[in-house]
Amino acid sequence: MKGYYKMAKKLYVGNLSFDTTDQELEAIFAEHGEVVSATVVTDRYTNKSRGFGFVEFADEASAKKAQEAVNGQDVGGRALRVDEAKEPRESRGGSGGGGGDRSRSYGSSSSRGGSRY
């Protein structure tokens, strides 16, 4: 449960205007407590906003207060969605398989009638 309480300080903010900056995101939440960081997530190739971000607070009470106050608030013509941030997924691995060292022989080469190469 230790990690759960730590994550309670970080909030997910969805339905952001694509023009929202990190500074604007921080300003929206700053009146509700000490903001440690505010980040609008951007596409790694185009560097454009993906319409959501994260705000981290110094303490849980401020995060909870901000969540209750800002969730549903209209900002830039859009109703913000504010939730507790979930822990990042362990792995966002690929399609599951393929590749590998094709020169590797599995089992005894004599059982297949000798070397493949």
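Here are the numbers for this structure:
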{"quantity": "Residue within segment 82-98 that is under 15 Å from the mean Cα position of the chain (by Cα), within 22 Å of residue 19 (Cβ to Cβ), surrounded by 12 or more Cβ atoms within 10 Å (Cβ to Cβ) and at pLDDT 95 or above present", "calculated": "yes"}
{"quantity": "Residue list for segment 26-60, filter: assigned to a loop (DSSP other than H, G, I, E, B) and either surrounded by 15 or more Cβ atoms within 10 Å (Cβ to Cβ) or not charged (D, E, K, R) (or both)", "calculated": "32, 33, 45, 46, 47, 58"}
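Okay, residues lined up against (1) in contact with a Cys (Cβ under 8 Å, 6 or more places away or on another chain); (2) modelled with pLDDT under 95; (3) over 14 Å from residue 63 (Cα atoms); (4) of a type in the set (Phe, Trp, Tyr):
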site	(1), (2), (3), (4)
5	no, yes, no, yes
8	no, yes, no, no
11	no, no, no, no
15	no, no, yes, no
29	no, no, no, yes
34	no, no, no, no
42	no, no, yes, no
49	no, no, yes, no
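The values are calculated or read from the model by the stated rules, or taken from the named source; none is laboratory data. Please read these numbers as outputs of a predicted model, since none were measured by experiment. No Cβ is skipped: glycine too gets one built from the backbone with ideal geometry, and neighbour counts run over all protein chains shown.
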